[in-house]
Amino acid sequence: MRNYTENIIEAENLVKKFGDFTANDRLNFQVKKGEIFGFLGANGAGKTTAIKILCGLWLPTSGNIKVAGFDVYKQREKIKRNIGYMSQKFSLYEDLTVKENFRFYGGIYRMRSGDIREKTGFFLKKLDLEKSGDTVLSSIPLGWKQKLAFSIAIMHDPKIVFLDEPTGGVDPVTRRQFWDMIYETAHNGITVFVTTHYMDEAEYCDRVSIMVDGKIEALDTPGNLKEKFRVESMNEVFIKLARKK
Amino acid sequence: MKRFWSFVIKEFYHIFRDRKTLLILFGLPVTLILIFGYVIRSEIKDANIAIYDPSKDEITKDISNKLLASDYFNLVENVQNIQEIDDIFKKGVVREIIVFESDFARKLEQNGEASIQLIADASDANTANLVVNYTRAIIFDYMNELNRNNPNPLQILAEPRMVYNEEMKGAYMFVPGTMALILMLVSALMTSISIVREKEMGTMEVLLVSPLKPAQIILGKVTPYVTLSLINAVTIILLGYFVFGVPIHGSVFLLLAECMLFILLALSLGLLISTLTSSQRAAMFISLFSLMLPTILLSGFIFPVENMPEILQWLSVIVPPKYFIIIIKDIMLKGVGMSFVWKETLVLIGMTTIFILLSIRKFKIRLD
């Protein structure tokens, strides 16, 4: 277990309202640099809203929020430059080749051509896809696409990478490999902010927060949470919290 | 700039990798212009005519024979009474009735001038025009022969009169009309589809999270289509000019500038549509029904606005291609300059501004 000290995300009383509906109700949490932070909650609990605010897509209604040291009200452009993002929908271009996808995303993050080439080579080698660099993405299996999408999300060395249900629809073996990649990324100092529906994945996180109806109901390490609720697995923690309502 | 170019290059990959897109972009304009061109310019052969010849002298007989000796005309009826003309047209067989003056030869000799009236059924404006032109050419030929050794040239006046559509509007509009249609299709339809595709695929989310500004995303999206639309506009003008002899009397620069303006208008419409929907299919249907149909039906491209019921005439006021077609026709066919088309140009600029403002508003609402 590494020792995390520096805060990379600080949210203080984050509120987001849509008309009368409160999607995020006074969220308070900190994410440490290099941590794998699990952001859990049932569908409609407000996870996606919070992520969109942290990514600089939406403005919060109120609250003090800093991401990578930048303010979400005034410095959204700087935030965007320092984060990576991979959505639950698959997010590379199917009609572009693997290399072209790397080149495009590298380009929009203003990476230099040499760096793009180097990173492309590095990730292709790591994923054992060196021969497929010029293959059109649509003919690559889903599991690999997912890993490619993740690689591309971190190719510009962001400070934080947001993963919104990254392993949806992927087989267990690939999921395991995917989590190996997440560990490696966190080990290299990139903070990982991940949402998931798989409770076994929640066990892999350093800390998890569980949202219920727009509020954070629990936030701790998986071990502490299980102890607190006196249960065996994160799955049971989750169900206990959701039932409370 | 690097971001922007990465984006544009990516867009070009999308376009050149998709056969259907390519076909719409390049196959369609050429096909459409050739189809419209040939349908409208079809040669006439054995057009049915009737002749009313009250004078029945040497010259009128000569002219009649000369007309019928060509392959172009086929005599259906010798009209006995001028009152019959309307009934003959109503039967729908006869395309043109040639009406000689009474005492034709005598008048020609005494006054040096006699006239022939060419009455054509202009409900089919295009054929009417062709038939009348052919007839005039033959009469003109005959006149030249008569005058060859004559010191006092004689004048045979062939006066065309169109019935049912007297002003002949709607003919020879195929180049401006097709141009409007194609620019609408390429710019609006393709842009809206390509933006909506990003939404559907989930890549739009990634683009929005990236440091790209919304304006950069939009500019990157439309730049390739502006380029391709301009290429298309030029292709159509060239095809019209070299294949169909449609003249360009006015300034080529002004013509291209107006094309550019219309492309921008179509793009802003495409943008607006893309903010309204998030499925490619819906984008396509909205484009087809709200853009293509009015362009074909209400712009005056095929059916003259003047002949429409009043309600449709009012509707046509808000159809952008209507103004574009007027501008292009004026520049190409009449050779006029900005001083004649500034009103229409202003309307187009106004519409473009409104559409752009609307779509920016919509885009922002989606973001916040």
The number of residues in region B:235-254 that are more than 29 Å from B:Phe4 (Cβ to Cβ), in contact (Cβ under 8 Å) with a residue 40 or more places away in the chain and in a helix (DSSP H, G or I) is 6
Flag if B:Leu23 is surrounded by 14 or more Cβ atoms within 10 Å (Cβ to Cβ), away from every other protein chain (no Cβ under 12 Å) and part of a helix (DSSP H, G or I): no
I'm told A:Glu184 meets every condition in (1) surrounded by 19 or more Cβ atoms within 10 Å (Cβ to Cβ); (2) under 22 Å from A:Gly106 (Cα atoms); (3) of a type in the set (Asp, Glu) except one. Can you identify the failing condition by its number? (1)
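Considering each of B:Phe262, B:Phe242 in turn, give the residue that is surrounded by fewer than 18 Cβ atoms within 10 Å (Cβ to Cβ), closer than 23 Å to B:Leu34 by Cβ and not charged (D, E, K, R). Steps first, please.
Values: B:Phe262 fails: surrounded by fewer than 18 Cβ atoms within 10 Å (Cβ to Cβ).
Only one candidate passes the filter, namely B:Phe242.
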Members of region B:185-207 found to be within 13 Å of chain A (Cβ to nearest Cβ), assigned to a helix (DSSP H, G or I) and out of contact with any strand residue (DSSP E or B) (no Cβ under 9 Å at 6 or more places or on another chain), listed by number: B:Ser194, B:Arg197, B:Glu198, B:Lys199, B:Glu200, B:Met201, B:Thr203, B:Met204, B:Leu207
Considering only residues of region B:346-368 that are buried (at least 17 other Cβ atoms within 10 Å of the Cβ) and among the polar types (S, T, N, Q), which is farthest from the other protein chains (Cβ to nearest Cβ)? B:Thr352
Which one of these does A:Thr97 not meet: (1) in contact (Cβ under 8 Å) with a residue 40 or more places away in the chain; (2) of a type in the set (Ser, Thr, Tyr); (3) crowded, with 22+ Cβ neighbours inside 10 Å? (3)
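So that you can scan it fast, the table gives a plain yes or no per residue for (1) in contact with a helix residue (DSSP H, G or I) (Cβ under 7 Å, 6 or more places away or on another chain); (2) surrounded by 18 or more Cβ atoms within 10 Å (Cβ to Cβ); (3) among the acidic types (Asp, Glu); (4) not assigned by TED's automatic domain parsing to the domain that holds B:Leu183:
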position: B:Leu291; (1), (2), (3), (4): yes, yes, no, no
position: B:Thr295; (1), (2), (3), (4): yes, yes, no, no
position: B:Gln313; (1), (2), (3), (4): yes, no, no, no
position: B:Phe324; (1), (2), (3), (4): yes, yes, no, no
position: B:Glu344; (1), (2), (3), (4): yes, yes, yes, no
Do we find a residue being within 14 Å of chain A (Cβ to nearest Cβ), in a helix (DSSP H, G or I) and at pLDDT 80 or above anywhere in region B:99-109? no
A:Lys119 fails exactly one of (1) more than 10 Å from every other protein chain (Cβ to nearest Cβ); (2) in contact with a strand residue (DSSP E or B) (Cβ under 9 Å, 6 or more places away or on another chain), namely (2)
Could you identify the single residue in B:Leu357, B:Leu346, B:Leu265 that is in contact with a Ser or Thr (Cβ under 8 Å, 6 or more places away or on another chain), part of a helix (DSSP H, G or I) and at pLDDT 85 or above? B:Leu265
Selection from region A:44-102 of residues that are among the hydroxyl-bearing types (Ser, Thr, Tyr), more than 7 Å from chain B (Cβ to nearest Cβ) and within 30 Å of A:Thr135 (Cα to Cα): A:Thr97
Name the pairs: first residue in region B:210-234 and in contact (Cβ under 8 Å) with a residue 12 or more places away in the chain, second residue of a type in the set (Gly, Ala, Ser) and crowded, with 21+ Cβ neighbours inside 10 Å, Cβ to Cβ under 6 Å, at least 6 apart or on different chains? B:Tyr225/B:Ser187; B:Ser229/B:Ser187
Can you pull out every residue in region A:122-139 that is in contact (Cβ under 8 Å) with a residue 24 or more places away in the chain and within 14 Å of chain B (Cβ to nearest Cβ)? A:Asp134, A:Thr135, A:Val136, A:Leu137, A:Ser138
All conditions in (1) within 11 Å of another protein chain (Cβ to nearest Cβ); (2) crowded, with 17+ Cβ neighbours inside 10 Å; (3) on the phi > 0 side of the Ramachandran plot are true of A:Arg110 except (2)
When only residues in region A:133-144 that are part of a helix (DSSP H, G or I) and farther than 16 Å from A:Asp180 by Cα count, which is farthest from the chain's Cα centre (by Cα)? A:Ser139
Quick one: count up the residues across region A:205-214 that are in contact with a Ser or Thr (Cβ under 9 Å, 6 or more places away or on another chain) and at pLDDT 90 or above. 4
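The values are calculated or read from the model by the stated rules, or taken from the named source; none is laboratory data. Remember, it's a predicted structure, so these values are computed and weren't measured experimentally. Backbone-built Cβ (ideal geometry, glycine too); neighbour counts: all protein chains shown.
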